[in-house]
1. Could you calculate the contour length gain from Gln40 to Arg67, that is, 0.36 nm times the residue separation minus the distance between their Cα atoms, to one decimal place in nm?
2. Can you work out ³J(HN,Hα) from phi for every residue in the range 87-94, in order, using Karplus 6.51 cos²θ - 1.76 cosθ + 1.60 and θ = phi - 60°, giving whole Hz and x for Gly and Pro?
Amino acid sequence: MKCPTCQTNDTSVTETRSKQPGIVQRGHLCGNGHRFRTLQLYEAAARSIGMTNILGATQTTLRGAARRADAFMLRRTITRLLAAGKTPSAIAPELGITAARVRRLRRAIQAATKI
């Protein structure tokens, strides 16, 4: 795992917590002393308890950490598909969302990555 503060790969897991079924929160410590947390969503478990998947099925069962993990996975998928050279109109049918939403997410991702 790469530290978001100093970008070093020298990190270790200090604690692991199960917040909700299918979601694990991990505390990390890097070699430079920075602490950060990650959320990991297990899709198989999320589907078995009725949560939505990243492909855009609309349900209101996601709350809190699960919603953030789902949004992160969608942004990561869109970022990777855009980096592969696909257009928003080609990505939208694959993910089951509108091209306008892909374009909105692309702008949000670009704004978040600018320093």
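Readers should treat all values here as calculations from the given coordinates under stated rules, not as data from a laboratory. This is a predicted model, so every value here is computed, not measured.
1. Length gained, Gln40 through Arg67: 8.6 nm.
2. Result, rounded to whole Hz: 8, x, 6, 7, 6, 3, x, 5.
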